[in-house]
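What follows is a single structure, written as structure tokens, with notes after it.
The values are calculated or read from the model by the stated rules, or taken from the named source; none is laboratory data. Predicted model only: the values in this text are computed from it and were never measured. We place every Cβ from the backbone using ideal geometry, glycine too, and count neighbours over all the protein chains shown.
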Amino acid sequence: MKDSHDSEVSRREFIGGTGAAIVAANTIPVKAQDRSGESNERAIEDVPLTRITLTVNGTEHRVAVEDRWTLTELLRDHLGLTGTRIGCNRGECGACTVLLDGEPAYSCSTLAVWAHGRSVQTVEGLEKSGRVSKLQQAFIDHNAPQCGFCTSGQLMSATALLQRNANPTVREIREALAGNLCRCSNYNAIVEAVQAATRTGGA
Amino acid sequence: MAIDPLKTVGQNTPRIDAYERVTGQATYTRDIKLPGMLYARVLRSNVPHAMIRRIDTSKAEALPGVRAVMTHETHKIPYGSGSISGGRQYSDAHKDITTRLRYTFNDHVRYVGEPVAAVAAVNRHVAEEALQLIEIDYEELPFVLDVEEAIEPGAPEIWSGGNIAHDSENRQQPIGGRTGDLEAGFAEADQIFEDRFTTQFVQDAQMEPRSALAHWEGDKLILHTPTQGVSNCRHDTARDLGLEDHQVQVICQYMGGGFGDKNGNYYFDLIAAAFARDLGVPVMVELSRKDDWLATHGRWHTVQDYRVGVKDDGTVTAIQLNGLSGMGPYLRRSGNVAGMDVYACENTEKSILPVHTNRVVSGNFRAPTYPQGYFGIESMMDEVAYKLGIDPVQFALKNMVRPTETKQFTNFTLDQCIEQGAELFDWANRWKPEPGSGEGPIKRGAGMAFMMFNARLGASSAILRVNAEGRYTVYVGVTDIGPGAKTTMSMLAAEELGVPLSDVDIVWGDSDRCPYSVGESGSRCTMMTGYAVVEAARDLKRQIAENGMPQGDSVLIASATPAPTTNGKLREGFGAHFVEVEVDTHLGDVRVTKYVTVHESGRILNPLPALDQIRGAVIQGIGQALTEDLRYDSRNGQPLTSGYYWGRHLTHLDVPQIENVFIETDDGLGPYGAKTVGESGIIIAPVAVANAVYNAIGHRMRDLPITRDKILEVVA
């Protein structure tokens, strides 16, 4: 059996290689037949698995992940958190943005094994005690989602911005969200929504 | 003209599903998981033109986890009902006579990206790996990328009989026709100007990469797919698979954007359906971003040659357009080029040939025939105005279409849009009578353009129900692609029924549960399906008045399929755009520094999303003007600039704040006088930007996009 797939290989193999070195010291490889951490796939391949521990939206998860899985795949396909979207799967659009230890990261370009020992926040983690965040409410009030597909990523980048700077300028908002494409091109409304969620409400 | 205020309609209303959209709970096609489902991937041609001599799938089939492989040898499924005729794929008559059949997989491959095989496997990694194990022996053929070369004698034949696309009767006829007396118009002219304008392919590039999830219940197909029209998608899919409409249920609850070419089915819907039928389990086909960018459809590129006759006083007396539209190898949509009818000049001739090349397939993108056509004609007219020494605003007011005895409008505000826009923008001070006259390396200039877009009426359906609880349920076949159609439909029902919006529920995006809708394309959804909601609400009110509110388990149900007309009058949305740009003549950069739009779209039903329809469309248009492109390597026919990065779609950092004003009117037609909104904003954005660039640097940019290299070439 061929051990790689060329179409997706360039990025995955590259980051996979780098990732393995980083995580080797603190993660535990799992034998291929021990796939108890897997949720919904049958074992059909001799794919290396690594057992990791990560915190997602405040809940600790111990999971065995295939080394080739991206963090997006882990979240969407194995932890049931489909609010994180895949727009390009190659780090161009930002729809998959999550917070990794509070910093925005493209989860499509982050291997799941790299999340070992780290804290991940997704769009599902923004709502607290049944209440949407001030930023989410501003997104609702200012029509920031059109089709809504980029919205999760825009929200996560903006959440990180507001955490480090409660009163950003329009320029700072645009720069913080520059990695989040919106093909509906609803950029004006998104910036207005973020402004409304700043300490001074954009005044 | 003041309009009568209404209670719900006209109020800024956050979309009713905004919560789902900001919490990640909105379920897009790829978010759906069904027990036992398989994942499928599509292998694509890596050559622009070839015959497949041999295709060997044995190694792929032997890969553990692979469940099935599909090629042209195993599955001969027509796509587009066996028709490739633009805009006519719903025509049974054409299906029977077409000589240019397109299948889901073709052994004659005609562009890089064309599907050649598909694999269904237990997960997407296995499916991707299996694609690499499929061996294809191509007999490569000469290819052609350029529309003019494609129609020269001896050009590689993408179809036997030549590369001019067939019309619905298999004729190779140009689109267009004549009005008035063209020769007399040119004879009357004091001066005649000729020029060529060209526009690029622009990919729709909606954020959600396409997917389709199919499963069968007996002989019935259930298809989850991101479509702009569940009704049309169902009909297309049924016909392609040889089924009756009732055997197909199309469901689309949320979709990540649709900008035109999704009001129908796609080949991947058919692949999902065929795999699911063969294997007896649900199958999800997923396209990668690159697949989506290269192997769905985008705006056709054009070559437009204009000839314009004009009197010394600035009156246009004749307009002639000969054009070519690059459709890629399959005709998906018309290839027409719009714009001439926004001028009053009655002596016109238009002749557009849709041409096949070995580029990606073209299709509809937001106002499909307009931005490229308006770029051509209004660049041409801008040039004429400067040549005659006339302010473009005055030239526009002098030559734009106006109501006449024989050309009546339901209402007309184009002059108002232009005048109000010029004032808001401060045209008199921002526009330079002498183009390129700014001091220093960064040159500032202003440009304008004006448009109209058909706000046609037509048939669509809605069902409305009330139960004893006093809950009103609207059933409409909309999929809410982004403009907020679910909210608009609910608001219309609430308004007409005189109940709070919170009393109204909606059932949408499901061809089994909802009646026919035209779908969300052509900016028709609000006017047609929205009007059906109003009519159904009127009927329900009448029933309630006659019978009282339902009691116990009973319900009252009303439905409507109105087909209103304008009694021969034109019904148009109008608009004018005014743009200021700064051009860095050292670096070649163009920056939009001010953008003012005035639109008349009838009554604005929900101002919040309506504004963002205009602003978003304008920004897409700026992208078409300045950056977006699909470039090919002419030596080998390989596309070079697919995807978000190379396709250069605009980001937060690239866009100006758009200032929009709606002139609200009510012509008594459509739902409370609402007209077209969604496509209006993009139509003149490219040309308004281009005209501003001319004013800034004094060089006419005739080829989109206006990139650095083109600026530097002329200013150096």
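Select, from A:152, A:185, the only residue that is within 7 Å of chain B (Cβ to nearest Cβ), assigned to a loop (DSSP other than H, G, I, E, B) and at pLDDT 95 or above. Break it down stepwise before answering.
Values: A:152 fails: assigned to a loop (DSSP other than H, G, I, E, B).
The match here is A:185.
Would you pick out the residues in the range B:663-716 that are surrounded by fewer than 24 Cβ atoms within 10 Å (Cβ to Cβ), acidic (Asp, Glu) and either within 16 Å of residue B:435 (Cα to Cα) or in contact (Cβ under 8 Å) with a residue 24 or more places away in the chain (or both)?
Listed by number, the residues that qualify are B:664, B:666, B:667, B:703, B:709.
So, residue B:479, is that one at pLDDT below 95, crowded, with 22+ Cβ neighbours inside 10 Å and either under 20 Å from residue B:555 (Cβ atoms) or among the polar types (S, T, N, Q) (or both) or not?
On the way: at pLDDT below 95: yes; crowded, with 22+ Cβ neighbours inside 10 Å: yes; either under 20 Å from residue B:555 (Cβ atoms) or among the polar types (S, T, N, Q) (or both): yes.
In short, yes.
Taking only the range A:152-193 into account, find how many residues are without any contact (Cβ under 8 Å) to a residue 12 or more places away in the chain and in contact with an Asp or Glu (Cβ under 7 Å, 6 or more places away or on another chain).
Going through the range A:152-193 one residue at a time, the tally reaches 1.
Restricting the search to the range A:68-95, which residues are assigned to a loop (DSSP other than H, G, I, E, B), more than 8 Å from every other protein chain (Cβ to nearest Cβ) and touching a Leu at 6+ places or on another chain (Cβ under 8 Å)? If you could, list the steps in order and put the result at the bottom.
Going residue by residue through the range A:68-95, those that are assigned to a loop (DSSP other than H, G, I, E, B) are A:68-69, A:79-95.
Keeping just the survivors that are more than 8 Å from every other protein chain (Cβ to nearest Cβ) gives A:69, A:79-80, A:91, A:94.
A:69, A:94 - these are the residues of the range A:68-95 that are assigned to a loop (DSSP other than H, G, I, E, B), more than 8 Å from every other protein chain (Cβ to nearest Cβ) and touching a Leu at 6+ places or on another chain (Cβ under 8 Å).
Keeping to the range B:647-680, report how many residues are under 23 Å from the mean Cα position of the chain (by Cα) and at the interface with chain A (Cβ under 8 Å from one of its Cβ atoms).
6
Return a yes/no flag: does the range B:299-310 have any residue that is within 30 Å of residue B:271 (Cα to Cα), out of contact with any Lys or Arg (no Cβ under 7 Å at 6 or more places or on another chain) and small (Gly, Ala, Ser). Don't jump to the end; show me each part of the working.
Filtering the range B:299-310 for residues within 30 Å of residue B:271 (Cα to Cα) gives B:299-301.
Going one step further and asking which of them are out of contact with any Lys or Arg (no Cβ under 7 Å at 6 or more places or on another chain), we end up with B:299-301.
From what's left, small (Gly, Ala, Ser): none.
Scanning the range B:299-310, I find no residue that is within 30 Å of residue B:271 (Cα to Cα), out of contact with any Lys or Arg (no Cβ under 7 Å at 6 or more places or on another chain) and small (Gly, Ala, Ser), so the answer is no.
In the set A:144, A:197, which member is more than 7 Å from chain B (Cβ to nearest Cβ), closer than 15 Å to residue B:613 by Cβ and either of a type in the set (Asp, Glu) or in contact (Cβ under 8 Å) with a residue 24 or more places away in the chain (or both)?
Going through A:144, A:197 in turn, the sole match is A:144.
Yes or no, residue by residue, for (1) in contact with a helix residue (DSSP H, G or I) (Cβ under 6 Å, 6 or more places away or on another chain); (2) of a type outside the set (Phe, Trp, Tyr); (3) buried (at least 24 other Cβ atoms within 10 Å of the Cβ):
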site: B:485; (1), (2), (3): yes, yes, yes
site: B:492; (1), (2), (3): yes, yes, yes
site: B:505; (1), (2), (3): no, yes, no
site: B:533; (1), (2), (3): yes, yes, yes
site: B:542; (1), (2), (3): no, yes, no
site: B:547; (1), (2), (3): no, yes, no
site: B:552; (1), (2), (3): no, yes, no
site: B:558; (1), (2), (3): yes, yes, no
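Among the candidates B:114, B:128, which residue alone is within 14 Å of chain A (Cβ to nearest Cβ) and either modelled with pLDDT under 95 or surrounded by 19 or more Cβ atoms within 10 Å (Cβ to Cβ) (or both)?
Working: B:114 fails: within 14 Å of chain A (Cβ to nearest Cβ).
It is B:128.
Would you check if residue A:120 is buried (at least 24 other Cβ atoms within 10 Å of the Cβ) and aliphatic (A, V, I, L, M)?
Values: buried (at least 24 other Cβ atoms within 10 Å of the Cβ): yes; aliphatic (A, V, I, L, M): yes.
Here the answer is yes, as residue A:120 does meet what is asked.
Counting only residues that are under 19 Å from residue B:241 (Cβ atoms) and in a loop (DSSP other than H, G, I, E, B), how many does the range B:104-124 have?
Going through the range B:104-124 one residue at a time, the tally reaches 3.
Please determine whether any residue of the range B:133-143 is within 14 Å of chain A (Cβ to nearest Cβ), over 16 Å from residue B:49 (Cα atoms), of a type in the set (A, V, I, L, M) and assigned to a loop (DSSP other than H, G, I, E, B).
yes
Looking only at the range B:464-489, count every residue that is assigned to a helix (DSSP H, G or I), under 15 Å from residue B:523 (Cβ atoms) and touching a residue at least 60 places away in the same chain (Cβ under 8 Å) and tell me the total.
Matching residues across the range B:464-489 total 1.
Looking at the range B:336-368, which of the residues that are touching a Ser or Thr at 6+ places or on another chain (Cβ under 9 Å) and under 12 Å from residue B:201 (Cα atoms) is surrounded by the most Cβ atoms within 10 Å (Cβ to Cβ)?
My answer is B:362.
Rundown of residues vs (1) within 20 Å of residue B:202 (Cβ to Cβ); (2) polar (S, T, N, Q); (3) in contact with a Lys or Arg (Cβ under 9 Å, 6 or more places away or on another chain), yes/no style:
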position	(1), (2), (3)
B:610	no, no, no
B:617	yes, no, yes
B:627	yes, yes, yes
B:633	yes, no, no
B:646	yes, no, yes
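Does residue B:189 satisfy being away from every other protein chain (no Cβ under 14 Å), modelled with pLDDT under 95 and touching a strand residue (DSSP E or B) at 6+ places or on another chain (Cβ under 8 Å)? Break it down stepwise before answering.
Numbers: away from every other protein chain (no Cβ under 14 Å): yes; modelled with pLDDT under 95: no; touching a strand residue (DSSP E or B) at 6+ places or on another chain (Cβ under 8 Å): yes.
No, not satisfied.
Could you tell me whether the range A:126-141 includes any residue that is closer than 25 Å to residue B:624 by Cβ and facing chain B (nearest Cβ under 8 Å)? Please lay out each step first, then the result.
So the first thing to find is which residues in the range A:126-141 are closer than 25 Å to residue B:624 by Cβ, and the list is none.
No, the range A:126-141 has no match at all.
Out of the residues in the range B:1-21 that are within 14 Å of chain A (Cβ to nearest Cβ) and not in a helix (DSSP H, G or I), which is farthest from residue A:155 (Cα to Cα)? First the steps, then the outcome.
Within the range B:1-21, the subset within 14 Å of chain A (Cβ to nearest Cβ) is B:11-21.
Within this subset, residues satisfying the condition of being not in a helix (DSSP H, G or I) are B:11-17.
Working: B:11: 26, B:12: 22, B:13: 21, B:14: 17, B:15: 17, B:16: 19, B:17: 16 Å.
Of everything passing the filter in the range B:1-21, B:11 is farthest from residue A:155 (Cα to Cα).
Quick check on residue A:153: is it buried (at least 23 other Cβ atoms within 10 Å of the Cβ), under 26 Å from residue B:17 (Cβ atoms) and not assigned by TED's automatic domain parsing to the domain that holds residue A:48?
Values: buried (at least 23 other Cβ atoms within 10 Å of the Cβ): yes; under 26 Å from residue B:17 (Cβ atoms): yes; not assigned by TED's automatic domain parsing to the domain that holds residue A:48: yes.
Yes; evaluated as a whole, the condition is true for this residue.
Those residues that are in contact (Cβ under 8 Å) with a residue 40 or more places away in the chain and in contact with an Asp or Glu (Cβ under 9 Å, 6 or more places away or on another chain), I need them from the range B:232-246; list them, please.
Matches in the range B:232-246: B:233, B:234, B:235, B:236, B:239, B:240.
Give me the residue from the range B:144-175 that is touching a Ser or Thr at 6+ places or on another chain (Cβ under 7 Å) and not in a loop (DSSP other than H, G, I, E, B) and, out of that set, nearest to the other protein chains (Cβ to nearest Cβ).
B:147
Residue by residue through the range A:96-123, note down the ones that are within 13 Å of another protein chain (Cβ to nearest Cβ) and assigned to a loop (DSSP other than H, G, I, E, B).
Once the filter is applied, which keeps residues that are within 13 Å of another protein chain (Cβ to nearest Cβ) and assigned to a loop (DSSP other than H, G, I, E, B), the range A:96-123 yields A:96, A:122.
Considering the range B:615-647 alone, what residues qualify as being of a type in the set (Val, Ile, Thr) and either surrounded by fewer than 24 Cβ atoms within 10 Å (Cβ to Cβ) or more than 28 Å from residue B:425 (Cβ to Cβ) (or both)? Working first, answer last.
Quick first cut of the range B:615-647, residues of a type in the set (Val, Ile, Thr) only: B:618-619, B:622, B:627, B:641.
The answer is B:627, B:641.
Could you grab the pairs with beta carbons closer than 6 Å, sequence gap of 6+ or different chains, first residue in the range A:41-56 and aliphatic (A, V, I, L, M), second one at pLDDT below 70?
A:43/A:35; A:49/A:30; A:52/A:27
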